[in-house]
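Remarks on the structure that follows.
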Amino acid sequence: MTRIHLMGIGGVGVSALARVYLTRGEEVSGCDLKESEALAAIEAEGARVSIGHDPEHVLAADWLVHSAAVRAGEPELEAARAMGVKIMTRAEALAELFAGTRSIAVAGSAGKTTITHMLGQVLTGAGYDPTTLVGDGRSSRVGHSDWLVAEADESDGSLVLHHPRYAVVSNVHFDHPDHFAGIEEVAEIFQTFLRQLPAEGVAVVGADDERARGLETPARKVSYGFAEDADYRCGEGRPFRVWHGGDELGSIDLRVPGRHNVENATAAAAMALELGVSFEQVSRALAGFTSAHRRMELLGTWHGATLYDDYAHHPRKVQAALAAARELPFRRLITVFQPHRYTRTAGLLDEFAGSFGEADAVLVTDIYAAGEENPTRISGANLAHKMRNARYTPDFGSVREALEDLTGRGDLVLFMGAGDIWKLGRELADEG
């Protein structure tokens, strides 16, 4: 039995690893800076948890796994290093899991969380019993086979650490300007990743994204999407039909809204079919799919309006979420957007300003820092002032006041952002 200590155990990615280790029978401990629902949940599952960092946490550890948020020089980390404890980042620990399993890595600038969840659900329904590591903090499961489906993040360049047998790359967009200078650097990360696949593997790539479909790999490459030349082509409408090589496979009655979710479902279907799952099993599993956590998630109602929450924090994701919301019945579409990171907001300011066209009204809060400094002094006001239908509402109190004034029966209010804006949405939904 290995004694594994995890710093940042309350985080989405690290807590998922902790569950894998617990299922394997390892002795798991962990710490985080503050209490949270996630921390309480992992403690209830058998991990020994502490609040705050302390060098004493690692006195009995064999391994230390830490999140990217843990800064170099942290005394707990340095103590482990001095004691000869094996130290890994979350990405390095995930890479070890990929190396020891029949693994499927789901990557891409957008859609990877939903595709991972969908594919895990399909393979579970087909009897593969996979471990599925989803980046939404709620949808992961630990199976008992050697199949692993995991979301693989490109934001800090660690994607190239992973050497799975199978991979999905949904699309390639510019994001994470704190790490990448431009789209070419982002594309190179995905290209390096796919070149590492084995010849006997499979790469499933988005046919509707020029950069994704142009990626090279020694593995068998198949494409999916709405494009006429996609290997697995999806049709418009609901239920939507799927073709492979010109032959119609059947239709999928997907319950979640959004054209982008039709693409996501087709990605999951393509990989599952390549692995030998029948189309009937794929269709049945996807028909039962509801949504990943914080992906067009229904919260409830407030003052007669319907409240939804979405993780969208990039212009393309904002557009996709608003297009999905437009498929739902409502009187007006009101969006509450919390920008995420100063670097992203500054680097993509014009793109953000042009992405809210489907909304009837937009409330923009202050930027969720996510630990960043703000040397440019940018704020949510800079974004709100670039849009004709937007209002700057810096904090939750001013958002509430604005919604009291704006919202009426039959409206749809969509809370968006990768920070903590969901808390306000849930608070209002609890009031009813």
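Got a number for residues in the range 319-354 being among the aliphatic types (A, V, I, L, M), within 15 Å of Asn261 (Cβ to Cβ) and outside any loop (DSSP other than H, G, I, E, B)? Of the residues in the range 319-354, 6 are among the aliphatic types (A, V, I, L, M), within 15 Å of Asn261 (Cβ to Cβ) and outside any loop (DSSP other than H, G, I, E, B). For the range 195-235, the tally of residues that are surrounded by fewer than 21 Cβ atoms within 10 Å (Cβ to Cβ), assigned to a helix (DSSP H, G or I) and not basic (Lys, Arg) stands at 1. Candidates are the residues of the range 61-84 that are more than 13 Å from Gly11 (Cβ to Cβ) and touching a helix residue (DSSP H, G or I) at 6+ places or on another chain (Cβ under 6 Å); the one that is surrounded by the most Cβ atoms within 10 Å (Cβ to Cβ) is Leu64.
Out of Gly410, Gly397, report the one residue that is more than 13 Å from Phe337 (Cα to Cα), surrounded by fewer than 19 Cβ atoms within 10 Å (Cβ to Cβ), in contact (Cβ under 8 Å) with a residue 24 or more places away in the chain and out of contact with any helix residue (DSSP H, G or I) (no Cβ under 7 Å at 6 or more places or on another chain). Being more than 13 Å from Phe337 (Cα to Cα), surrounded by fewer than 19 Cβ atoms within 10 Å (Cβ to Cβ), in contact (Cβ under 8 Å) with a residue 24 or more places away in the chain and out of contact with any helix residue (DSSP H, G or I) (no Cβ under 7 Å at 6 or more places or on another chain) holds for just one of Gly410, Gly397, which is Gly410. The set of residues from the range 243-266 being over 25 Å from the mean Cα position of the chain (by Cα) and either of a type in the set (D, E, K, R) or not in a loop (DSSP other than H, G, I, E, B) (or both) comprises Trp243, His244, Asp247, Glu248, Leu249, Gly250, Ser251. Figure legend. Inter-residue proximity from the range 418-432: first residues assigned by TED's automatic domain parsing to the domain that holds Trp302 and touching a residue at least 12 places away in the same chain (Cβ under 8 Å), second residues polar (S, T, N, Q) and surrounded by 12 or more Cβ atoms within 10 Å (Cβ to Cβ), beta-carbon distance below 6 Å, spacing 6+ or different chains. Indicated pairs: Gly419/Gln338; Ile421/Gln338.
Residue by residue, here is whether (1) over 24 Å from the mean Cα position of the chain (by Cα); (2) in a loop (DSSP other than H, G, I, E, B) holds:
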position	(1), (2)
Arg19	no, no
Leu22	no, no
Ala38	no, no
His53	yes, yes
Ala80	yes, no
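Would you be able to say whether some residue in the range 163-174 is under 17 Å from the mean Cα position of the chain (by Cα) and of a type in the set (Gly, Ala, Ser)? Yes, the conditions are met somewhere in the range 163-174.
Contact map, the range 142-160: first residue in contact (Cβ under 8 Å) with a residue 60 or more places away in the chain, second residue part of a strand (DSSP E or B) and surrounded by fewer than 17 Cβ atoms within 10 Å (Cβ to Cβ), Cβ cut-off under 6 Å, separation 6 or more or different chains; the map is empty.
The values are calculated or read from the model by the stated rules, or taken from the named source; none is laboratory data. Everything numeric in this text was worked out from a predicted model, so none of it was measured. As a convention, Cβ positions derive from the backbone with ideal geometry for all residues, glycine included, and neighbour counts pool all protein chains shown.
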